[in-house]
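Quick notes on the structure that follows.
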Amino acid sequence: MLGEKPSKRDGHPTPTSTRVASVIEDLVNVGDFARAAEERLEAGVRGYFFGGAGDELTLAENVAAWSGWRLRPRALAGLSSWSTKAELFGGEVSMPVLVAPVAYQALVDPEGEAAMARAAAAEGAVMCLSTLATMRPGPVAEAAPGGRRWFQLYCFEDAGVTRALVDEAVSCDYEAIVVTVDAPRGGNRERDRRSGFEIPAEVGVPSVEAALGSGRAVTIEETFGLMDPALSWSDLGELAAGCAVPVLVKGVVTAADAALAVEHGAAGIVVSNHGGRQLDRCVATAEALPEVVEAVSGRAAVLVDGGIRRGVDVAIALALGADAVLVGRPALWGLAAGGEAGARRVLEILRAELELTLALCGCATPAELSRGHLRRAPAASVYSA
Ligand SMILES: Cc1cc2nc3c(=O)[nH]c(=O)nc-3n(C[C@H](O)[C@H](O)[C@H](O)COP(=O)(O)O)c2cc1C
């Protein structure tokens, strides 16, 4: 972790902020941040944040699938300025890239979700806070006044617990509730089983503890044990109907479920397979996105996450019809490599890459990207001969 040992240059201690800056200034893309994070994290924590389920086929395909498309840029568009700004649920964002909900961020940075929220606010991006965050919604909001925030919800068997989580987030001005539906049980994370990794006992999930009325830290196993594996579409419908803010459904990869989500009141769908951490061999999100866009047909917002590592991946998602994307590991790698400044730099890189892609495609804004800018990549065999 950063900021523990003072390093010395010419016999003088180097301030932490300077060292962080020097660590991240040479990192030019998200892949560089992944490598820096890999070096800095202890093996068990590294496996938890980098890993996926089973053979990690879906984890790998999520990334690879964005390369399954090629861009068809338009020339002489007569543009001299470009903007990555976009509209999301009636509010402006600096770019259609959100920070995905990622649990236990204090494991990679002492300021955890507060540092991530500040980074997102500084970059004008929405941050989605996990139910399994190491901070409650209130202190995260206070850490980044002016930032836009959504709350990711796991539903509990005790509806009172679920309601308490929603009420707390809404009362702290979280603008949307994102219900995760791809985790009726935890995925088979073999890296964690091999390393014997366990969330340290002192790292709790304070929102869940408060909602349960428990005075002690609850383990991840206990927390998953209290969630509702039998959640149904009618439960979702009741939640959406009774919620003061828009409800999105995260973890949908089929047209059929997208249609059901809209019918049950979802204001948005997040096409997601949990970053390949739940069902291994699940379809990659870039492959699932077109059928969801078609099924939703403008009746709700469509967002997508999984494997987005470049601004060009964002552009492809938008051209396929997504309203926005979320990034999980990239923001986390930024936080692990350089704290708040690192997470901020990752978002800045993605925005700069997206802006360049827009310019080179002949688009002034993200909204101008369309299916006409895409064609399927040729079969790999054409080039591998
Ligand atoms: C370490 C880790 C923890 C996560 N925790 C949550 C969570 O608490 N709730 C949730 O809905 N999704 C969670 N996710 C999934 C992310 O929200 C997101 O769907 C995924 O990371 C996107 O893929 P990417 O990492 O390739 O960007 C987690 C992902 C990772 C890597």
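The values are calculated or read from the model by the stated rules, or taken from the named source; none is laboratory data. Since the structure is predicted, the reported quantities are computational estimates derived from the model, not experimental observations. Note: ideal-geometry Cβ built from the backbone for every residue, glycine included; neighbour counts use all protein chains shown. Just so you know, the surface numbers come from the protein's heavy atoms only, side chains and all, with ligands and any DNA or RNA stripped out. Shrake-Rupley method; radii C 1.70, N 1.55, O 1.52, S 1.80 Å.
Looking across the range 268-283, the residues that are over 14 Å from the mean Cα position of the chain (by Cα) and either open to solvent by less than 30 Å² (accessible area, probe 1.4 Å) or among the β-branched types (Val, Ile, Thr) (or both) come down to Gly268, Gln278, Asp280, Cys282, Val283.
Answer with yes or no whether Val179 is touching a Cys at 6+ places or on another chain (Cβ under 7 Å) and not in a helix (DSSP H, G or I). Considered against the rule, which asks whether it is touching a Cys at 6+ places or on another chain (Cβ under 7 Å) and not in a helix (DSSP H, G or I), Val179 comes out as yes. Residues that are in contact (Cβ under 8 Å) with a residue 24 or more places away in the chain, under 17 Å from Pro200 (Cβ atoms) and either among the hydroxyl-bearing types (Ser, Thr, Tyr) or open to solvent by 60 Å² or more (accessible area, probe 1.4 Å) (or both) within the range 216-238 comprise just one, Thr223.
Please count how many residues of the range 80-111 are open to solvent by less than 10 Å² (accessible area, probe 1.4 Å), within 13 Å of the ligand (Cβ to nearest atom) and within 15 Å of the chain's Cα centre (by Cα). Qualifying residue count, the range 80-111: 6. Summed over the range 194-211, residues that are part of a helix (DSSP H, G or I) and either open to solvent by 60 Å² or more (accessible area, probe 1.4 Å) or of a type in the set (Asp, Glu) (or both) total 3. Just so you know, in the range 39-63 the residues that are free of Cβ contacts under 8 Å to residues at least 24 places away in the same chain and either more than 12 Å from the ligand (Cβ to nearest atom) or of a type in the set (Asp, Glu) (or both) include one that is least open to solvent (accessible area, probe 1.4 Å), and it is Glu42. Go through the range 131-155 and give me each residue that's open to solvent by 10 Å² or more (accessible area, probe 1.4 Å) and either modelled with pLDDT under 95 or within 16 Å of the ligand (Cβ to nearest atom) (or both). Those that are open to solvent by 10 Å² or more (accessible area, probe 1.4 Å) and either modelled with pLDDT under 95 or within 16 Å of the ligand (Cβ to nearest atom) (or both): Thr134, Met135, Arg136, Gly146, Arg149, Tyr154, Cys155.
Please determine whether any residue of the range 312-331 is within 16 Å of the ligand (Cβ to nearest atom), without any contact (Cβ under 8 Å) to a residue 60 or more places away in the chain, β-branched (Val, Ile, Thr) and in contact with a helix residue (DSSP H, G or I) (Cβ under 9 Å, 6 or more places away or on another chain). Scanning the range 312-331, I find no residue that is within 16 Å of the ligand (Cβ to nearest atom), without any contact (Cβ under 8 Å) to a residue 60 or more places away in the chain, β-branched (Val, Ile, Thr) and in contact with a helix residue (DSSP H, G or I) (Cβ under 9 Å, 6 or more places away or on another chain), so the answer is no. Mind checking whether some residue in the range 222-245 is under 22 Å from the mean Cα position of the chain (by Cα) and more than 15 Å from the ligand (Cβ to nearest atom)? Looking through the range 222-245, at least one residue is under 22 Å from the mean Cα position of the chain (by Cα) and more than 15 Å from the ligand (Cβ to nearest atom).
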